[in-house]
Amino acid sequence: MDVFSIVMRETTLPDLERQAASEAGASLPMDEETFRAFYDRTARPVWAYLSKITGDTQLADDLLQEAYYRFYRARTVYEDESHRRNSLFRIATNLAHDSGRRRRRGRDVELPGDDADPKDLPVDAGTADRAAARTDIRRALAQLKPSQREMLWLAYAQGSSHEEIAEVLGLTRGSVKALLFRARRKLADMLRGGPK
Amino acid sequence: MNCDRELEVWRAVDSRHWPERCDEELRAHVAACADCADVVEVASALSEEHAAAMRSAHVPASGAVWWRTQLRVRLDAARTARRAMYMIQAAVVVAALAIVAAIGGFAWVPGVLMNVKWNVPLIVALAAPLALAPVALYFAVTED
């Protein structure tokens, strides 16, 4: 009983509000500390994902801010880290789809592999071979369907499981397995210089 | 369609153990398995690309993103409140017009208006709720 009363005394008002909201099945917005810690853990992977699936680093900057705003408004504070992360990537994916649709409506262009023409990409620190390999992968990614790019990036760049990919892309686990297999075969063939 | 050892192969590539620090048996398997060969090809390229993207990612500071998010939340709340106010103001105008029409329509009825002693306090008492309703609503619906 003493222990219980001590715990009760140390319970703060926000704790009580959270508890009440949790019991009611509702949720409160993330507090600043939690939000910033989560952002620090996830912002770079999300930006990398957005820049690769949209092929536009500037757009990735804009969508990143929007994704975190929508994530904050979605109030996923009581879900675990994995669900929270998947929810953020799902929001980012939907934003990329929306911006892709707007771009296609505005001007009938194909999604580029990146901002610059792959041939003009600067060689930063790697060898010429590595730079050439990166040019190849960017060119190959640009030729894939957006959904294939998303799936391959999540699976092989970020190491997401089939379940996580399914949650992010709104597919079933079985579909992910089959689609991922086809996308991987296509990309591997392109990288080897085989059929497109 | 999918090989059982794909995850093992991906882990080897992702941890940069492939191919030098992998055992001979795994290398022999990849040489013979088309699926795992695809995994090596794709995972090697994407893993390099991921590392490059992470290096080049210049994301805004978390404090700035938090501040902008809060600003947008407030702006959205203000927009929602304004929308509600416009609707209430419109309703008030419609109600006022209805009252005027009703009074005009039934003005001939003896005893309705004749018995009312119209004076300033009475008019203020009737008009005040109509004027104050939008303000009260604003404070009721705004988040701050």
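The values are calculated or read from the model by the stated rules, or taken from the named source; none is laboratory data. Since the model is a prediction, treat every value here as computed from it, not as a measurement. Glycine also receives a Cβ, built like all others from the backbone with ideal geometry; neighbour counts cover every protein chain displayed. Each accessible area value is taken on the protein alone, full model and side chains, heavy atoms only, with ligands, DNA and RNA left out. Shrake-Rupley method; radii C 1.70, N 1.55, O 1.52, S 1.80 Å.
When you check B:Ala43 against the structure, is it of a type in the set (Gly, Ala, Ser), facing chain A (nearest Cβ under 8 Å) and surrounded by 13 or more Cβ atoms within 10 Å (Cβ to Cβ), yes or no? Yes; evaluated as a whole, the condition is true for this residue.
Filtered by the rule that a residue be more than 10 Å from chain B (Cβ to nearest Cβ), on the phi < 0 side of the Ramachandran plot and open to solvent by 40 Å² or more (accessible area, probe 1.4 Å), the stretch A:163-181 gives A:Glu163, A:Glu164, A:Glu167, A:Leu171, A:Thr172, A:Arg173, A:Gly174, A:Ser175, A:Leu179. When A:Leu152, A:Leu191, A:Leu141 are checked against the criterion of being closer than 15 Å to B:Val42 by Cα, within 12 Å of chain B (Cβ to nearest Cβ), surrounded by 15 or more Cβ atoms within 10 Å (Cβ to Cβ) and over 17 Å from the mean Cα position of the chain (by Cα), a single residue qualifies: A:Leu191. Residues of the stretch A:42-72 that are more than 8 Å from every other protein chain (Cβ to nearest Cβ), of a type in the set (Gly, Ala, Ser), within 19 Å of B:Ala52 (Cβ to Cβ) and in a helix (DSSP H, G or I): A:Ala60 alone. Which of (1) within 28 Å of A:Ser161 (Cα to Cα); (2) more than 11 Å from chain B (Cβ to nearest Cβ); (3) modelled with pLDDT of 90 or more does A:Tyr39 not meet, given it meets every other one? Exception for A:Tyr39: condition (2). Scoring A:Lys52 on the criteria (1) surrounded by fewer than 20 Cβ atoms within 10 Å (Cβ to Cβ); (2) of a type in the set (D, E, K, R); (3) touching a Phe, Trp or Tyr at 6+ places or on another chain (Cβ under 9 Å) leaves a single failure, condition (1).
It is to be established whether one or more residues within the stretch B:58-73 are over 25 Å from the mean Cα position of the chain (by Cα), open to solvent by less than 40 Å² (accessible area, probe 1.4 Å) and under 30 Å from A:Arg41 (Cα atoms). Scanning the stretch B:58-73, I find no residue that is over 25 Å from the mean Cα position of the chain (by Cα), open to solvent by less than 40 Å² (accessible area, probe 1.4 Å) and under 30 Å from A:Arg41 (Cα atoms), so the answer is no. Among the residues of the stretch B:2-40, those identified as of a type in the set (Asp, Glu) and either open to solvent by 50 Å² or more (accessible area, probe 1.4 Å) or more than 30 Å from A:Thr57 (Cα to Cα) (or both) are B:Asp4, B:Glu6, B:Glu8, B:Asp14, B:Glu20, B:Asp23, B:Glu24, B:Glu25, B:Asp35.
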